[in-house]
Amino acid sequence: MKRDMSDGKPIEDVYGFSASLLDGRLMGLEALRGQVLLIVNTASRCGFTPQYAGLEELYRRYKERGFAVLGFPCNQFGAQEPGTESEIGSFCAGNFGVSFPVFAKIEVNGPGTHPLYAYLKKMRPGLFGSRRIKWNFTKFLVDRQGEVVRRYGPSTKPQALVQEIERLLNDAP
């Protein structure tokens with residue numbers, strides 16, 4: 001049985017988790033039940049940071065069909081996300097017009113790993129079964145049932161996910 005490490009309740013899919021948004025409000029992923037999700041650990045000072053534009057493009061293109069991008073800033077890779085939540089929000093909106101939900105900074109590896117990321121890594125380990133996130137902009141694609149269907153490395157550009165996203169969006173909830 002899957003368990004949320006924060007409260008011990010059984011977790012059956014990603015919709016059982018919650019996290020704080022940049023403005024401090026807690027958002028339960030239950031509010032996104034039935035949607036296809038792309039969950040990404042992000043950073044503002046990374047070579048992959050321009051992917052914010054592609055992520056926003058996907059979000060705007062598919063949000064009306066039940067798709068959401070969820071950004072989780074993380075400062076664990078080369079200290080490439082040193083800003084405050086307010087600075088991160090201003091950067092994302094000002095530079096890339098980000099309108100998808102961006103959460104408060106989290107850890108994706110180590111003892112402080114956010115429970116959602118512990119779950120994602122368990123469900124879709126990386127190369128050779130590794131459960132570590134290797135770098136910023138690792139992406140997890142989740143179907144309408146809340147199952148983690150695919151993990152993509154940082155170098156996979158958001159546009160490369162279009163076919164898989166469309167396939168998942170066409171599956172009935």
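The values are calculated or read from the model by the stated rules, or taken from the named source; none is laboratory data. Quick caveat: nothing in here was measured; it's all calculated off a predicted structure. With ideal geometry, Cβ positions are generated from the backbone for all residues, glycine too; neighbour counts draw on all protein chains shown.
Being of a type in the set (Lys, Arg), under 22 Å from residue 21 (Cβ atoms) and surrounded by fewer than 19 Cβ atoms within 10 Å (Cβ to Cβ), is that true of even one residue in the stretch 139-151?
Within the stretch 139-151 (the criterion being of a type in the set (Lys, Arg), under 22 Å from residue 21 (Cβ atoms) and surrounded by fewer than 19 Cβ atoms within 10 Å (Cβ to Cβ)), the answer is no, since none of the residues qualifies.
The set of residues in the stretch 11-44 that are in a loop (DSSP other than H, G, I, E, B), of a type outside the set (Val, Ile, Thr) and surrounded by 18 or more Cβ atoms within 10 Å (Cβ to Cβ) comprises 13, 17, 22, 35, 43, 44. Filtered by the rule that a residue be polar (S, T, N, Q) and at pLDDT 90 or above, the stretch 1-44 gives 18, 20, 35, 41, 42, 44. Listed by first and then second residue, the pairs with beta-carbon distance under 6 Å, at least 6 apart or on different chains, first residue in the stretch 150-173 and free of Cβ contacts under 8 Å to residues at least 40 places away in the same chain, second surrounded by 14 or more Cβ atoms within 10 Å (Cβ to Cβ), are 150/141; 151/124; 151/140; 152/139.
Please go through the stretch 78-128 and give me each residue that is over 22 Å from residue 62 (Cα atoms), buried (at least 17 other Cβ atoms within 10 Å of the Cβ) and aromatic (Phe, Trp, Tyr), ordered by number. 91, 117, 119 - these are the residues of the stretch 78-128 that are over 22 Å from residue 62 (Cα atoms), buried (at least 17 other Cβ atoms within 10 Å of the Cβ) and aromatic (Phe, Trp, Tyr).
I'm trying to understand the selection: among the residues of the stretch 45-60, which are part of a loop (DSSP other than H, G, I, E, B) and within 15 Å of the chain's Cα centre (by Cα)?
48, 49
Taken together, the residues in the stretch 63-84 that are under 22 Å from residue 23 (Cβ atoms) and either of a type in the set (A, V, I, L, M) or in contact with a strand residue (DSSP E or B) (Cβ under 7 Å, 6 or more places away or on another chain) (or both) amount to 8. Residues considered: 76, 145, 163, 159. Of these, the only one that is farther than 15 Å from residue 40 by Cβ and at pLDDT 95 or above is 163.
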